[in-house]
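Student: I am attaching a structure below and will ask some questions about it afterwards.
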Amino acid sequence: MKGISLFLAPKVLVGDDGKLGQANALRAGSLEHKLGIHGSPTCVMLFEGAKAELVGGLGQGLPNMFVMMNAARLQVGTQGTAIAERAYQQALYFSQDRAQGRSAWTGAYPARLFDHPDVRRTLVLMKAHIEAARGICLSTAVAADLAHAAPDEATRTAAKLREELLTPIAKAWSTDVGVWVASQGVQIHGGMGFIEETGAAQHYRDARIAPIYEGTNGIQAIDLVGRKLMLGEGQAVGDLMDDIRDTIDLLKASDLKGVGLRLEAALDAAAAATAWLIERRTKAMPDALAGATAYQKLLGDTVGGWMLAKGALAAAGEADTDWAESKRALARVFAEAVLAQVPGAAAGVMIGAADFEAMTPEVLGA
Ligand SMILES: Cc1cc2nc3c(=O)[nH]c(=O)nc-3n(C[C@H](O)[C@H](O)[C@H](O)COP(=O)(O)OP(=O)(O)OC[C@H]3O[C@@H](n4cnc5c(N)ncnc54)[C@H](O)[C@@H]3O)c2cc1C
């Protein structure tokens with residue numbers, strides 16, 4: 001990829017007189033047949049004999065393309081969150097429309113799907129993940145804005161570190177959430193989820209591209225571990241963890257102490273995994289790379305739990321008590337169901353690469 005150049009090819013050539021001339025020699029060679037996003041045609045473009053203008057310096061195509069790609073990574077994270085929200089709303093509606101079984105809570109028969117604790121838990125976890133992903137994407141966007149427009153240089157520098165650290169998480173964690181939530185949406189529809197007429201399956205298919213394009217989530221994880229952990233010589237991740245600890249202190253002094261303790265255990269595990277990765281990436285890079293995706297999820301879960309906790313704290317004292325209590329419930333559920341798993345997941349980050357290296361095609365195929 002090194003040395004490629006970036007060109008802008010107009011559809012219609014412009015003459016020296018500034019008037020539109022003949023069509024440029026570019027054409028779609030074929031349309032791709034895709035798993036999802038059928039409303040967005042993807043094609044193979046042929047530029048044989050086309051005229052184009054060089055954008056930036058010769059051989060500088062890749063760095064120039066990254067200007068677009070950094071913004072696009074956050075936008076794709078937002079896309080994952082948005083599809084998740086649509087899938088959630090549809091499942092929430094369907095769960096109240098479809099009658100099935102008896103309610104464990106009220107004994108009512110027939111009950112709505114919504115009245116089954118397992119279905120309700122699924123819906124709450126879907127919503128918690130969506131709000132966490134939205135918080136991560138918004139925080140990344142705020143950091144990007146501050147990095148660009150804050151009046152003082154110290155704020156701009158700190159915001160740039162935060163933006164760069166959070167961008168792979170915003171992209172990868174949020175798009176994984178998109179696929180997971182859309183899959184849960186299908187599940188809540190039961191058999192009708194697998195039937196096209198409900199539309200639940202479309203969200204699942206549409207969500208699946210987001211972990212792939214604009215740099216696969218595996219590549220985001222490598223960026224996180226290989227580059228972002230060392231940003232500012234570790235200051236970016238250190239500052240993030242300090243900010244999370246500040247929230248933990250507030251939580252522990254409030255009636256959300258349980259959330260604070262779960263977040264603290266998750267952060268301690270994330271800090272241990274971070275230290276291990278930083279040590280491994282200088283001594284044995286394959287070890288760090290083998291743990292990269294697991295670490296990205298672990299840090300995303302931790303930052304997501306932090307977002308929900310901050311939301312719950314901020315909602316305290318709001319006039320709309322139902323809304324404020326829902327924020328607190330989401331933070332509690334996420335802490336118990338997701339943050340509680342982070343210490344175990346840290347062990348999964350620190351497996352090392354030796355067992356994977358030993359798994360040759362012959363061993364794996366046996
Ligand atoms: C619908 C659609 C629209 C697209 N639109 C555009 C577009 O507008 N512009 C554009 O330029 N591209 C576009 N793409 C291309 C897209 O960005 C790439 O498909 C994507 O970046 C993955 O690259 P790849 O297909 O070459 O996969 P590969 O690079 O072959 O990756 C395959 C797998 O191997 C993993 N992998 C690869 N390299 C490494 C590594 N070094 N270490 C660890 N794991 C690795 C990946 O994570 C992935 O899981 C589009 C693709 C699709 C499907």
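The values are calculated or read from the model by the stated rules, or taken from the named source; none is laboratory data. Please read all numbers here as calculations on a predicted model, not as lab measurements. No Cβ is skipped: glycine too gets one built from the backbone with ideal geometry, and neighbour counts run over all protein chains shown. The protein model used for the area step is the full one, side chains on, heavy atoms only, and it has no ligands, DNA or RNA in it. Shrake-Rupley method; radii C 1.70, N 1.55, O 1.52, S 1.80 Å.
Student: Quickly run through region 30-52 and pick out the residues that are open to solvent by 60 Å² or more (accessible area, probe 1.4 Å), outside any strand (DSSP E or B), near the ligand (Cβ under 10 Å from one of its atoms) and among the hydrophobic types (A, V, I, L, M, F, W, C).
Tutor: LEU35 - this is the single residue of region 30-52 that is open to solvent by 60 Å² or more (accessible area, probe 1.4 Å), outside any strand (DSSP E or B), near the ligand (Cβ under 10 Å from one of its atoms) and among the hydrophobic types (A, V, I, L, M, F, W, C).
Student: Within region 53-104, work out how many residues are assigned to a strand (DSSP E or B) and among the aliphatic types (A, V, I, L, M).
Tutor: First, pick out the residues of region 53-104 that are assigned to a strand (DSSP E or B): 53-55, 99.
The next check asks that each one be among the aliphatic types (A, V, I, L, M); those that pass are 54-55, 99.
Summing the residues that are assigned to a strand (DSSP E or B) and among the aliphatic types (A, V, I, L, M) in region 53-104 gives 3.
Student: Still on this structure, please answer the following. Is there any pair with a first residue in region 352-366 that is on the phi > 0 side of the Ramachandran plot and a second that is assigned to a helix (DSSP H, G or I) whose Cβ atoms are under 9 Å apart and which are 6 or more apart or on different chains, and what are they?
Tutor: Short answer, once both residue conditions are applied: GLY352/ARG280; GLY352/PRO286; GLY352/ASP287; GLY352/ALA290.
Student: Test GLY21 against the criterion of being assigned to a strand (DSSP E or B) and either on the phi < 0 side of the Ramachandran plot or more than 16 Å from the ligand (Cβ to nearest atom) (or both), and give yes or no. Give the derivation first.
Tutor: On the way: assigned to a strand (DSSP E or B): yes; either on the phi < 0 side of the Ramachandran plot or more than 16 Å from the ligand (Cβ to nearest atom) (or both): yes.
Against the criterion (assigned to a strand (DSSP E or B) and either on the phi < 0 side of the Ramachandran plot or more than 16 Å from the ligand (Cβ to nearest atom) (or both)), GLY21 qualifies.
Student: Scan region 275-294 and report the pairs whose first residue is at pLDDT below 95 and whose second residue is surrounded by fewer than 19 Cβ atoms within 10 Å (Cβ to Cβ), with Cβ atoms within less than 7 Å and a gap of 6+ or a chain change.
Tutor: ARG281/GLY226
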